[in-house]
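Asker: Just dropping this structure here.
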2 protein chains.
Amino acid sequence: MKISEASGECGLSPDTIRFYEKSGLVQIARGADGLRRFSPENVEWLTLLYWLRQTGMPMKVMHRFASLYQQGAETIGDRTALLLQHAEHLRTRRQELDCCELVLAHKVSTYEALERSIA
Amino acid sequence: MKISEASGECGLSPDTIRFYEKSGLVQIARGADGLRRFSPENVEWLTLLYWLRQTGMPMKVMHRFASLYQQGAETIGDRTALLLQHAEHLRTRRQELDCCELVLAHKVSTYEALERSIA
DNA sequence: ACTTGACTTGGAGTAACTCCAGGAAACTAG
DNA sequence: CTAGTTTCCTGGAGTTACTCCAAGTCAAGT
C-alpha cells in the first residue's frame, strides 16, 4: 500500500505521515523503487496515532508511547496505563465542551433578548 | 483591574492577553501609568474568547467575531449565527471524543487480553 | 516520445502561542 | 531613604505540530 491509500485509511495527511516517520513515531518499509510501502500494521498504528493526536495528545507523549510500542510485548502494561490516562484526559475535554456549550447557550440567549428589545 | 487579575478571571495567560490585544481581538484602556486597566466588560469578552479558543475556534473566525462585536448592536444577528455554528462544531468534537473513546477501549481490551495470554 | 500523476527530499512558511531580556514603576523591609 | 522584590511594559526569539512548495525521479497511459 502506498502513501495516498494509507493516508485515506488512517486519516493523517501524507505530509503528516512523512513528518511522523521522520520524527521516529513510525518505521515504514521501502520498496525497491524507494517508495514507502505500508503494511496493515503500519496503517493500524497510524490510525491509533491519528485518534490520539486528534484528541489532543502532545507529540512528546506520543513519542513515549511509540518508544514503548517499539520495545515490544513487555511494555504492554505501560502502554495500557498511558492509554487509560489519555481516556481520563478525554473526560476533561468533554467537560470543557459541556462548559463551553453552556457559555454559548447563555450568550446566544442574551443576544436574542437584545435583538428582541431592539426590534 | 490589572493584567494578572484579569488573567486569573478569564483563563487566558497574560502573554496571550497581550497577544490578543496586539492582534486586535480586544481593546484595553491604559491608566496614567501606562498599565492596562481591564473593565468587567473586557474580562467578560476575554472569557468568551477563552472558551471559543479552548474548544477549537481558529483565530481567523475569532477575528471575524471580534470585528462584528466592535461594530456594535446591529451585528448581533451575525454574531448569534457565528456562535450557533460553533455550537454545531462542538457536537462534532464530542463525536470525535466518543469515537476515540471506543478506539481506546478496544485497544486497552486487546492489550489486556495479550497480557493475560503472556502471563 | 511525451505528458501526466504519484511519489521523493529538503526546506520555508504558518498558527497560536510561550518565553525571555531589558527596563520602568511601585510596594515593602530595614 | 535606600535596597530589594514584585508586577508590569516592549520587542523579539523560540516552540509545536504541522502544511506547503520547489525541484527532481519514476511508472503508466496515449
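Asker: Quick check on my filter: what residues within the stretch B:31-71 are of a type in the set (Lys, Arg) and within 30 Å of B:GLU96 (Cα to Cα)?
Answerer: Selection gives B:ARG53, B:LYS60, B:ARG64.
Asker: Still on this structure: Does the stretch B:3-14 contain any residue that is surrounded by fewer than 18 Cβ atoms within 10 Å (Cβ to Cβ), farther than 28 Å from A:HIS89 by Cβ and among the aliphatic types (A, V, I, L, M)?
Answerer: no
Asker: Please specify each residue of the stretch B:29-48 satisfying the condition of being modelled with pLDDT of 95 or more and near DNA strand D (Cβ under 8 Å from one of its atoms).
Answerer: B:ARG30, B:LEU35, B:ARG36 - these are the residues of the stretch B:29-48 that are modelled with pLDDT of 95 or more and near DNA strand D (Cβ under 8 Å from one of its atoms).
Asker: Counting just the residues of the stretch B:12-33 that are more than 8 Å from DNA strand C (Cβ to nearest atom) and more than 15 Å from B:THR47 (Cα to Cα), which one comes out farthest from the chain's Cα centre (by Cα)?
Answerer: B:GLY31
So that you can scan it fast, the table gives a plain yes or no per residue for (1) within 16 Å of the chain's Cα centre (by Cα); (2) more than 7 Å from chain A (Cβ to nearest Cβ); (3) of a type outside the set (D, E, K, R):
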position	(1), (2), (3)
B:GLN85	yes, yes, yes
B:ASP98	no, yes, no
B:THR110	no, yes, yes
B:ALA113	no, yes, yes
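Asker: Which ones in the stretch B:60-72 are surrounded by fewer than 13 Cβ atoms within 10 Å (Cβ to Cβ) and either at the interface with chain A (Cβ under 10 Å from one of its Cβ atoms) or within 16 Å of DNA strand D (Cβ to nearest atom) (or both)?
Answerer: Across the stretch B:60-72, the qualifying residue is only B:LYS60.
The values are calculated or read from the model by the stated rules, or taken from the named source; none is laboratory data. What you see is a predicted model, and the numbers here were worked out from it, not measured in a lab. For neighbour counting, all protein chains shown are included, and Cβ atoms are generated from backbone atoms with ideal geometry for every residue, glycine included.
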